[in-house]
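Colleague: After the C-alpha cells below, expect a handful of questions from me.
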Amino acid sequence: MHVSDHPYAHLTPDLVLDAVAACGLWPDGRLLALNSYENRVWQVGLEDGAPVVAKFYRPGRWSDAAILEEHAFAQELAADEVPIVAPLLFGGRSLLRHGGYRYALAPRRGGRAPTLESREQLEWLGRLLARLHTVGARRPFAQRGTLDRATLIAQPMQAVLASSLLPAHLHAAYRNAALRVDAAVAARLDAVGPLRSLRLHGDCHPGNILWTDTGPHFVDLDDARMGPAVQDLWMLAGDDAAMRALLDGYTQLRDFDHAELALVPALRAMRQLHYAGWIAQRWHDPAFPAAFPFAAEARWWDEHIADLHELAEALA
C-alpha cells in the first residue's frame, strides 16, 4: 500500500508535541488521544498552563478554504457569546501546518453529556440551538456544501459498491435498497417543498455537546454545512416528547418552520446510508477495522440492506 492509503501513518506523538511547540507553547509530554475517527485529536499537557486540544485534519477531506470557513463560523459564534470551543489564533492564523499535516489548537473544555431525559435540559438545548441558528442564518457558507442527496446518498452508495467490504452476492440487493431510499427521500423532499437553508452545526448528537455547572457548550464543527434547522434538532430528540421540549426552548428565541418535522425520517435514512458509506470509504485507515469490525461480516450488510428497505417503506 502507498503511504497515502494510511493518512495518519506519520502522525507520531513526537510530531504532535513538535506541532504544539511550533506555536510557542511548552508541552510537558502528556498526551491523551481523544475519541475521533475522521480526524485525529489529542489533549496536550502544557508546562505553564491548562492543556490544549490539537486537532489534525484528515488529509484531502476539506480544502483550506472550507476549514477556515469552519473556524470563522466558530469565532463568529463565540463573538456572539454562543458557548462553543473556537480555535486559538497564532500570529493571526487558526489553520496551522507541521510535518505535512494541517491542524488547529483549541482550549480544553471539559464537561459531561447532556441528560436527554430532562425536559429542562432539552429546553435549554433548544434555546442554545436557536442562538446558533440566529448566527448561522446571517450569511451562507461558500465552501462547505449542503446536506443533500448527492452528499448523503449518492457518494456513500458509490463508496460501498466500490468497496471489498460489500460481499459480491449482495451488490444488486444493496444497490436496489439504496436506490429505494434515494427515491423515497426525493419524494419526501418534494412533498415538503422549498425550505430555508442556514449554516448548521451539522452533527449535533449528544457527544458533541458538553454540560458543565454553567450549562452546555458545543464542540466540533467539523461537519458544519448548509441545511434546514431541523437537522440540528432531530439527533437530540429520542421521541416526540423530546422534540416538543426542544422546540419549546427553540421557539422562545427563534421561529421554527414546523413543516421541517416531516424531513426527520428522510434525514434519519440519509444518515444511516451515509454511515455505511463512511466506513467503506475509510476502511484503509487502520483505526476503522479496529473500531468497526462488524463491517467485515456479510451478516451486517444483510441487516443494513434490510434496514434500508424498512426506512424506504416508512418514508413511502
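Colleague: Counting other beta carbons within 10 Å of each residue's own, what order do Asp255, Asp232, Asp248 fall into, fewest first?
Modeller: By the 10 Å Cβ count, ascending, the order reads Asp255, Asp248, Asp232.
Colleague: For the range 3-107, what's the relative contact order in percent, using C-alpha pairs closer than 8 Å and at least 6 residues apart?
Modeller: So the answer I get is 23 percent.
Colleague: Right, next: So who's got an amide H within less than 5 Å of the one on Leu34, skipping anything under 5 residues away but keeping other chains? H placed 1.01 Å off N, in plane.
Modeller: Amide H neighbours of Leu34: Val41, Trp42, Gln43.
Colleague: How high is the relative contact order of the range 119-315? Use alpha-carbon pairs under 8 Å, at least six apart in sequence, and give a whole percent.
Modeller: Worked out over the range 119-315, it gives 37 percent.
Colleague: Net charge within 15 Å of Leu247 by Cβ-Cβ distance, Lys/Arg positive one each and Asp/Glu negative one each, not counting Leu247 itself?
Modeller: Its environment carries a net charge of -4.
Colleague: Each residue of the range 257-274 in order: what ³J(HN,Hα) in whole Hz does its phi give by Karplus 6.51 cos²θ - 1.76 cosθ + 1.60, θ = phi - 60°, with x for Gly and Pro?
Modeller: My calculation for the range 257-274 gives 7, 5, 4, 5, 4, 5, 7, 4, x, 5, 5, 5, 5, 4, 5, 5, 5, 5 Hz in order.
Colleague: Right, another one. Return the sequence-ordered ³J(HN,Hα) values of the range 206-211 in whole Hz as given by the Karplus equation 6.51 cos²θ - 1.76 cosθ + 1.60 applied to θ = phi - 60°, using x for Gly and Pro.
Modeller: With coefficients 6.51, -1.76 and 1.60, one gets x, x, 9, 10, 10, 10 Hz.
Colleague: Given the -39500 (n - 2.57) contribution per DSSP H run of 4+ residues, what per-residue ellipticity at 222 nm results for the chain, rounded to the nearest 500 deg cm²/dmol?
Modeller: The helix contribution divided over the chain gives -13000 deg cm²/dmol.
Colleague: Then there is this: What ranking do Leu161, Leu105 get, fewest neighbouring Cβ atoms within 10 angstrom at the top?
Modeller: Ranked by crowding around the Cβ, least crowded first: Leu161, Leu105.
Colleague: Another question, then. For the chain, with the dipole built from +1 on Lys and Arg beta-carbon atoms and -1 on Asp and Glu ones, taken about the Cα centre, which of Ala177, Gln143, Val52 lies farthest toward the positive end?
Modeller: Gln143
Colleague: To the nearest Å, what is the center-to-center distance of the range 42-87 and the range 157-181, using C-alpha atoms only?
Modeller: Between the Cα centres of the range 42-87 and the range 157-181 lies a distance of 36 Å.
Colleague: Work from the charge dipole of the chain (Cβ charges, +1 for Lys and Arg, -1 for Asp and Glu, about the Cα centre) and give the residue of Trp62, Trp26, Trp42 farthest towards its positive end.
Modeller: Of Trp62, Trp26, Trp42, it is Trp62.
Read-outs: derived from the displayed coordinates by stated rules, not from any lab. Being a predicted model, the structure only gives us computed values, none of them experimental. Positions of Cβ are generated from backbone atoms using ideal geometry, with glycine treated the same way; all protein chains shown enter the neighbour counts.
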